[in-house]
Structures are given as structure tokens and as C-alpha cells.
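Have a look at the structure below, then the notes.
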Amino acid sequence: MFLRSADKHGREAEKNLDLRIRKTRRAIRSGLVKACQAKPYAHVSVTDICSASMVSRTTFYDHYTDKDALLAEVVAFLLEEITPALEGLWFGEGRDARAVARHLADVYARNGQALKTLLAIRVGGDGDLHEQLYRTCCSVSSEWARGRVDDEVLPLAADVYASVVLTFIERSATKPLTDK
């Protein structure tokens, strides 16, 4: 089920909520992805999300102010799962690229449809998974590279790393990884 692991290692606020609330929010998050698979995000309404998640509009608004707030939360959950792998590549003890690839493949295995769907949504800001991944990659690689590469090269190095990671994730969404 979509973003189940976020309950396991997600934000403190989500962990401390009643089980029924967590299940409702999980259903609404899944409903957003289902609705976005049927039509472009710009044309998805709260009613579409509610229909896909089998909750009422009142229940939706009990949890979220609008569809953009929901999208931002879904993106934040996915980033929480992906970021440790990105940091591990640069700061981990072994800096094992295969371990990072395996972690990203696991994230894709759990949330593949959501990743594929959300990477196609370009809204800018907190709800844009592509943009948020790009920023995270640039931030992580820049932090590692400070003092190791010339300041003039730093933005280019960060840009290259971000592009490689995004390409890897987008490729995984269309062509699943094998154990090799």
C-alpha cells in the first residue's frame, strides 16, 4: 500500500496519531495518486481524490486544507525515504553506490506507482517531487563537495549529481531494476 513505510519511519506527528487517522490519511494519499493517474493534477479535484480514496469531502478537509497541501505531504513522505540513500552515498562509511541503488530500488518497489505519477507533476514548490529531489540532491552533494572542489565547479558538480539521481529514479519508474 502506498507510503506504508512512512508510518514506520515517518514524521513524529504522524507516528503519534491514532491508527484510524493514519489509515484515513494513507487512503487519501493513495487516492491522490489514483486520481492523478486518471487525469492531470491540474484537473484533479478534491472530489476526485475523495472518490478514489472512498472518504467524504468533510473527512478530506478534516485532514488537509486543499489538494496542494496533500501533494506537499506526499512529496515530503517520499523524500524522507529517498534522502537517507542520497546522504549515504556521500557521507556513509562505505559510500557504497550499490547499497544506494538497492535502497532506491526498495523505495521504488514500495512506492513505484506513486513515484512514477508524482514525478510527472510539475507544479513548483513543495508539491513538485522532481524539483524537491533535485534540490535535495544539490544540497547533499554541495555539502559533501565543499572544500573538495573549487567553488566555481561546485554548482556544476551538484547539478550533475542531481541529474544522475533523477535519471536513475525516472528510469527505475519505467524499467524496473534487476538484482544485477
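Quick note: the coordinates plus some simple rules give every number you see, no bench work behind them. Keep in mind it's a predicted model, so treat the numbers as computed, not measured. Please note: Cβ atoms are built from the backbone with ideal geometry, for glycine as well, and neighbour counts cover all protein chains shown.
A simple rule links phi to the HN-Hα coupling: the Karplus curve 6.51 cos²θ - 1.76 cosθ + 1.60 with θ = phi - 60°, which for the range 43-55 gives 9, 7, 9, 4, 4, 4, 5, 5, 4, 5, 9, 6, 10 Hz, with x for Gly and Pro. The phi-based Karplus calculation (6.51 cos²θ - 1.76 cosθ + 1.60; θ = phi - 60°) puts the 3J(HN,Hα) values of the range 79-85 at 4, 4, 7, 7, 4, x, 5 Hz, whole numbers, x for Gly and Pro.
Using C-alpha pairs under 8 Å with a sequence gap of at least 6, the mean separation divided by the residue count of the range 27-167 gives a relative contact order of 20 percent. Highest mean packing comes first when the peptides 77-84, 45-52 are listed by Cβ atoms within 10 Å, giving 77-84, 45-52.
Evaluated over the range 4-174, the count of Lys pairs having alpha-carbon atoms less than 15 Å apart is 6 (only pairs 8 or more residues apart or interchain).
Here the Kirkwood formula puts the hydrodynamic radius of the range 4-174 at 17.0 Å, using every distinct Cα pair. Peptides 26-36, 156-166 ordered by packing proxy, namely the average of other Cβ atoms within 10 Å per residue, highest first: 26-36, 156-166.
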